[in-house]
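Okay, structure first, notes after.
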């Protein structure tokens, strides 16, 4: 059934007394007009991106220390925890945003857990996950409490809400138990528990789905991508400034900075080339779209770490780390971004072949220019070319 929504704005104005009146957490109307992103949701997004920044910084450090594989594994794990907690709260808030005192405090507790997890990222990269798991536990148990509240006040959705609460809390206990698992089995347990985490929504919504709003969800993801891109810009410009301070030729750093900004701006453009809400009326497609965003967001943030390593290379040699390996740390995230955006955003629209080729060919070319003398600058030109190609070939929006 089509959902009629007249316009979407960045931030909504909540009634001033809405947070003072705790009450039943009833599901919202998926056909509600003017459903907008709230200030609390944006605050939650900012805290999540701050935590992601810690994972990016640790990945950057691993790259320049020539521990790339270990760094990528640690980054993927830390990013999954932060991203998954954000995803769960985003979809819950789209369906049950009471915005009262209890709801807000629960959101703040989850933000606190996110920051605790971020504080433990460095030690997690070294193999000690205790602090990170503790932060994750705070987030997850707080969300489980919200689901219990929804179950208590929504008889028609009680089974679904109880499944969510039980699944989240039960798996969290297993995450804590995993701390005692030794060696390689800890890695195996991590992969299995991630799979179980991803399966919880499928299981919980077998009989009934939560009343989330397609346009609201699409806007939440779009705004989160903007904030992640903003974090990447911040990281990139800090690194460019460090390069200038270190005495690297001014024009060299300007060219590097312009190239990095061109890549980030192109990412924004390519991500927003198609309206996402049209893909979210089918529950199965919505799951694929949402889960696929792990690669979209992770690749955007990882580009910041790779770009920082390239700037370090401009400043001076990185011990014995091969130059071409540093270049891959930019090429792979950008290519992964193009492929994942094509898969979750473009492919489901069944676009013209030339439109899909704009993403796929650009990804291939970016992987090839790694072997040229100026891969970063060429990557920027390819991304700009992809933007022009998508605009010329997309047809009807």
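The values are calculated or read from the model by the stated rules, or taken from the named source; none is laboratory data. All of these numbers come straight from a predicted model, not from anything done at the bench. Here Cβ is always computed from backbone atoms with ideal geometry, including for glycine, and neighbour counts include all displayed protein chains.
What the table below lists for this structure:
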read-out	value
Within the stretch 107-117, considering residues that are without any contact (Cβ under 8 Å) to a residue 60 or more places away in the chain and within 15 Å of residue 144 (Cα to Cα), the one surrounded by the most Cβ atoms within 10 Å (Cβ to Cβ)	113
The listed residue being surrounded by fewer than 18 Cβ atoms within 10 Å (Cβ to Cβ) and assigned by TED's automatic domain parsing to the domain that holds residue 290, out of 372, 379	372
Subset of the stretch 246-264 (residues that are surrounded by fewer than 19 Cβ atoms within 10 Å (Cβ to Cβ), at pLDDT 85 or above and under 18 Å from residue 316 (Cβ atoms))	249, 250, 251, 252, 255
Qualifying positions in the stretch 96-106 - in a helix (DSSP H, G or I) and surrounded by 22 or more Cβ atoms within 10 Å (Cβ to Cβ)	96
The one condition in (1) at pLDDT below 90; (2) not in a loop (DSSP other than H, G, I, E, B) that residue 34 fails to fulfil	(2)
The stretch 252-280 residues that are in the same structural domain as residue 304 (by TED's automatic domain parsing), paired with ones that are part of a loop (DSSP other than H, G, I, E, B) and surrounded by 19 or more Cβ atoms within 10 Å (Cβ to Cβ) (beta carbon under 8 Å, 6 or more apart)	274/351
Selection count, the stretch 174-185, where residues are part of a helix (DSSP H, G or I), surrounded by 13 or more Cβ atoms within 10 Å (Cβ to Cβ) and either without any contact (Cβ under 8 Å) to a residue 40 or more places away in the chain or not assigned by TED's automatic domain parsing to the domain that holds residue 91 (or both)	1
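Conditions (1) in a helix (DSSP H, G or I); (2) at pLDDT below 90; (3) over 24 Å from residue 58 (Cα atoms); (4) assigned by TED's automatic domain parsing to the domain that holds residue 248, marked per residue:
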residue	(1), (2), (3), (4)
295	yes, no, no, yes
298	yes, no, no, yes
312	yes, yes, no, yes
332	yes, no, no, yes
339	yes, no, yes, yes
